[in-house]
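One structure below.
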Amino acid sequence: MQTLDKATSVPFVDLKKQYASIKPEIDAAISAVIEDTAFVGGVFVKEFEREFARHCGMSHCVGLANGTDALFVALRTLGVGPGDEVITVANTFVATSEAIKMAGAQVVFVDCDPRTYTIDVDAIGERITARTKAIIPVHLYGQPAEMDAIRALAKKHGLWVVGDAAQAHGALYKGRPVSQLADISCFSFYPGKNLGAYGDGGALVTNNEEWAANARMFANHGRTKKYDHDFEGINSRLDGLQAAVLSVKLRHLDEWTEGRRQAAARYTSVLENLGVITPVEADGVRAVYHLYVIRVPHGRRDALQSFLNQDGISTGIHYPIALPFLKAYSYLNHQSADFPVALRASQEILSLPMYSELTADQVELVAERIRLFTA
Ligand SMILES: Cc1ncc(COP(=O)(O)O)c(C=O)c1O
């Protein structure tokens with residue numbers, strides 16, 4: 001079997017290449033924070049919160065330590081707690097359901113749509129009970145969930161909608177930023193995300209001033225001023241260095257999103273007729289391709305992954321075990337038949353290298369190897 005030269009390997013993400021493209025801006029921003037010793041709170045965090053809220057088309061942004069906390073703080077802010085149920089999708093990163101548990105509520109999983117992998121809105125209704133307090137749709141892989149239908153259901157049953165936009169910075173649903181379609185939307189700035197910090201980071205955005213103020217207080221020890229606390233909270237703050245890095249990167253986000261979309265369009269075109277199923281973009285949405293996820297039918301996914309890996313093409317599986325089938329959720333006693341779509345997807349999906357710096361040649365290289373494998 002022919003192997004490719006190491007120089008032609010394709011990493012799954014390439015944060016070094018991204019840093020090289022903005023090095024002077026990043027270095028200056030980091031120096032400015034250090035010179036100012038504005039490490040926790042301060043002007044850099046405020047500035048980023050203002051800019052990110054504007055980018056999301058929202059009035060308020062609260063910077064937090066990570067995206068998991070953003071979901072937890074959002075649920076707490078909306079009064080979700082013990083005795084409540086929160087509905088979310090079976091195929092997401094475990095942080096989504098962890099946050100529900102952190103708030104003291106019970107997670108209720110729903111299967112996903114086989115085409116978009118976002119929550120199956122037709123299946124939500126049958127899981128709503130008198131205890132249901134909120135729905136967390138996940139804009140998985142950067143593809144907005146079906147927000148019109150979800151909002152209609154939430155309105156009908158008096159439920160909160162907390163958007164998990166950890167993978168969807170800049171995604172649009174019917175021309176509007178996804179963050180505008182939830183009561184509170186939550187973001188992760190984990191380094192590999194579309195807008196990634198140089199460490200952990202997260203934020204929530206909302207148009208409700210009172211929620212924003214409460215969330216900010218809760219995430220800062222329930223503090224009103226230095227040693228005065230109205231209630232017990234937690235310590236979950238975005239730090240100054242991360243905020244300064246994020247402000248620089250936010251200026252490039254739209255251009256990077258365009259780069260991801262172009263890489264995705266290239267993949268979709270070159271992978272046509274190769275026996276793999278390429279992602280679809282639902283009507284009226286502008287996905288931001290945090291991940292480019294293909295499906296490899298006939299039980300050949302793992303073999304394809306190994307084949308690509310041999311040639312230095314790194315891929316991922318997001319996620320190999322649907323959440324209801326994790327040991328962590330064995331207490332829910334779910335059966336395979338409860339989530340057939342998520343289960344099958346977990347066995348067939350493969351995430352190809354995806355980032356805005358991915359070149360046409362790299363995309364062609366990946367396609368060439370897939371062509372060879374499926375031939
Ligand atoms: C869908 C989803 N939700 C929540 C999170 C949690 O974000 P963080 O890793 O910043 O806590 C992530 C990121 O890993 C994610 O992908």
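The figures follow:
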{"item": "Cβ-derived FRET efficiency at R0 22 Å, ILE317 paired with LEU372, nearest 0.05", "result": "0.55"}
{"item": "Charged-residue dipole, Cβ positions (Lys, Arg, Asp, Glu), the chain about Cα centre, Debye nearest 20", "result": "200 debye"}
{"item": "Potential lengthening between HIS298 and PHE39 on full extension [0.36 nm per residue; Cα-Cα distance subtracted]", "result": "88.0 nm"}
{"item": "DSSP bridge pairs, segment 123-206: antiparallel proportion in percent, nearest 5", "result": "55 percent"}
{"item": "Loop-located GluC sites (Glu not before Pro) in segment 151-255 whose Cβ has at most 10 other Cβ within 10 Å (DSSP)", "result": "GLU232"}
{"item": "Translational diffusion coefficient (Stokes-Einstein; Kirkwood radius from C-alpha pairs) of the chain at 37 °C, 0.692 mPa s, in µm²/s", "result": "154 µm²/s"}
{"item": "Interchain or long-range residues, amide H under 5 Å from VAL285's placed H", "result": "LYS174"}
{"item": "Segment 49-105 versus segment 326-355: alpha-carbon centroid distance in Å", "result": "22 Å"}
{"item": "Dipole of the chain [Lys/Arg +1, Asp/Glu -1 at C-beta], most positive-end residue of LEU323, THR132, VAL161", "result": "THR132"}
{"item": "GLU258-ALA213 FRET efficiency (beta carbon distance; Förster radius 35 Å; 0.05 resolution)", "result": "0.50"}
{"item": "Segment 228-375 pair-distance distribution - Cα-Cα, 5 Å bins, rounded %", "result": "2, 8, 14, 16, 14, 13, 12, 10, 6, 3, 1, 1, 0, 0"}
{"item": "Rounded to whole Hz, the Karplus (6.51, -1.76, 1.60) HN-Hα couplings of segment 223-229, x for glycine and proline", "result": "7, 9, 9, 2, 10, 10, 10"}
{"item": "GLU51-ASP14 pseudo-label distance in nm [points 7 Å out on the Cα-to-Cβ vector]", "result": "2.4 nm"}
{"item": "Distance histogram for segment 198-273 (every C-alpha pair counted, 5 angstrom bins, percent rounded to whole numbers)", "result": "3, 12, 14, 14, 15, 11, 9, 7, 6, 4, 2, 1, 0"}
{"item": "Spin-label model distance (nm) - GLN347 vs SER330, 7 Å beyond Cα toward Cβ", "result": "2.1 nm"}
{"item": "Cα-Cα over 29 Å, subset of LYS16/LYS225; LYS46/LYS193; LYS155/LYS193; LYS23/LYS225; LYS249/LYS327; LYS23/LYS193", "result": "LYS16/LYS225; LYS155/LYS193; LYS23/LYS225; LYS249/LYS327"}
{"item": "Cα-projected label distance for SER21 with LEU274, points at 7 Å along beta-carbon direction, nm", "result": "2.2 nm"}
{"item": "Mean residue ellipticity (222 nm) of the chain, computed from DSSP H runs ≥ 4 via -39,500 (n - 2.57), nearest 500", "result": "-12500 deg cm²/dmol"}
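Readers should treat all values here as calculations from the given coordinates under stated rules, not as data from a laboratory. Everything numeric in this text was worked out from a predicted model, so none of it was measured. In this analysis, Cβ positions are derived from the backbone assuming ideal geometry, glycine residues included, and neighbour counts consider all displayed protein chains.
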